[in-house]
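Worksheet for the structure shown next.
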Amino acid sequence: MVLDPAQYAVEVVHLGESPNRIAEAEIAGVESVPALVIDDQPFHINFGAAIAALK
């Protein structure tokens, strides 16, 4: 695993399988998926889909 679980609480959320978490992702600043949120900062890895397309 690239992120050290001793330093970060790692949770994988698939928004297609957990659409109830989309609003939470938007509040965190996620604009597209896939993305990581680390220390309350969104990091967009590459553009797979706009988060609006998941609604």
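Here's the yes/no breakdown for (1) under 22 Å from D4 (Cα atoms); (2) at pLDDT 90 or above; (3) out of contact with any Phe, Trp or Tyr (no Cβ under 9 Å at 6 or more places or on another chain):
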position	(1), (2), (3)
L15	no, yes, yes
S18	no, yes, yes
E24	no, yes, yes
A28	yes, yes, yes
L36	yes, yes, no
D39	yes, no, no
H44	yes, yes, yes
A49	no, yes, yes
K55	no, no, yes
Here are the criteria: (1) in contact with a Gly (Cβ under 7 Å, 6 or more places away or on another chain); (2) surrounded by fewer than 13 Cβ atoms within 10 Å (Cβ to Cβ). Tell me which single one S32 does not satisfy. (2)
With the first residue restricted to segment 44-55 and required to be part of a strand (DSSP E or B), and the second required to be small (G, A, S) and modelled with pLDDT of 90 or more, Cβ contacts under 7 Å at 6 or more apart or on different chains are H44/S32; H44/A35; I45/A35; F47/S32; G48/S32; A49/S32; A50/S32
Mind checking whether some residue in segment 16-24 is out of contact with any Cys (no Cβ under 8 Å at 6 or more places or on another chain), assigned to a strand (DSSP E or B) and either surrounded by 14 or more Cβ atoms within 10 Å (Cβ to Cβ) or hydroxyl-bearing (S, T, Y) (or both)? no
Qualifying positions in segment 1-20 - touching a residue at least 24 places away in the same chain (Cβ under 8 Å) and under 16 Å from P34 (Cα atoms): L3, L15, G16, P19
What pairs can you find where one residue is in segment 21-41 and in contact (Cβ under 8 Å) with a residue 12 or more places away in the chain and on the phi < 0 side of the Ramachandran plot, the other is surrounded by 13 or more Cβ atoms within 10 Å (Cβ to Cβ) and assigned to a strand (DSSP E or B), and their Cβ atoms are less than 7 Å apart, with a gap of 6+ or different chains? A28/V37; A28/P42; V30/V37; V30/P42; E31/H44; S32/H44
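Take V10 and decide whether it is among the hydrophobic types (A, V, I, L, M, F, W, C) and surrounded by 14 or more Cβ atoms within 10 Å (Cβ to Cβ).
no
The values are calculated or read from the model by the stated rules, or taken from the named source; none is laboratory data. Since we're looking at a predicted model, the values are computed, not measured. Using ideal geometry, Cβ is built from the backbone for each residue, glycine included, and neighbour counts are taken over all protein chains shown.
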